[in-house]
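Since the structure comes first, as structure tokens, the remarks are kept for the end.
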């Protein structure tokens, strides 16, 4: 939803130096800097946090304000905290941030096809509630999917991710495939994202974003020029995808073929 966040600060040099030190463990760096302000983001990308000098005008955010940064690992959270304290920050306690620190995203192992399929089964069941097709009910269909994904896990054209809690196992999964357009289309490598799913009790914690960004980074590194995915019109995840630059490219129209339907 948000493209970036900007703050007014009393002392630009002091504030920029503080964020230089604290954001480095999370992989964020200065992406632009001049006397009028400083921007921080991932190397080679745009700014996600910007600071602008407002001497004698800057005020602290009011009650209820909360700012959270994505972290690649629990260790990165610890390093961020230590750097902030060393740079003059105040320790306000771990609070609810500890829950997110216990979640990490990793590549799926070759023997974890059944775990991925369990997540997909949850996803398809949830999607039926947003108007999607009903999930398969026979075990044979799901076993066939396990076998197919087990083969895809051996391929370098597919990427499967698992979001995992250090306290209780998988909490989400994501998947993508590299596709080479040909035939009637000009040759081009694309990335198709087929799965981004987080268990309901772990949503709104940045896990979907972590997995989505990992897939996009993988696709870029593999030479993909475009990325596409399918999402139901009523799925709240639309907001996540639009936040990351996705827009409507084509429409899939459906209608019933049952007798008497309009």
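Here, each number is a calculation from the coordinates, and none is a lab measurement. Just so we're clear, the structure is a prediction, and the values are computed from it rather than from any experiment. Cβ coordinates were reconstructed from backbone atoms using ideal geometry, including for glycine residues, and neighbour counts include every protein chain displayed.
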- Using Cα pairs under 8 angstrom and six or more residues apart, how large is the relative contact order of the chain, in percent? 14
- Query: Hey, rough spin-label estimate for residue 138 and residue 85, points 7 angstrom out along Cα→Cβ, what's it come to in nanometres?
  - Reply: 6.0
- Item | Rounded to 5, the percent of DSSP beta bridges in the stretch 122-262 classed as antiparallel | 80
- With an 8 Å cut-off on Cα pairs and a minimum separation of 6 or more residues, tell me the relative contact order of the stretch 103-243 in percent. 23
- Query: What's the exposure ranking of 190, 166, 108, going from fewest to most Cβ atoms within 10 Å?
  - Reply: 166, 190, 108
- Message: Could you tell me the center-to-center distance, by alpha carbons, between the stretch 238-258 and the stretch 162-187 in angstrom?
- Response: 18
- Note on the structure: Fewest to most Cβ atoms within 10 Å: 207, 85, 146 sort as 85, 146, 207
- Kindly provide the helix-only [θ] at 222 nm of the chain, computed as the sum of -39,500 (n - 2.57) over DSSP H runs of four or more divided by all residues, to the nearest 500 deg cm²/dmol? -9500 deg cm²/dmol
- GNM result for the chain, Cα springs below 10 Å: residue of 141, 224, 184 fluctuating most strongly: 184
- Crossing angle, helix 207-221 versus the chain [Cα axis fit, 0-90 degrees, rounded to tens]: 80
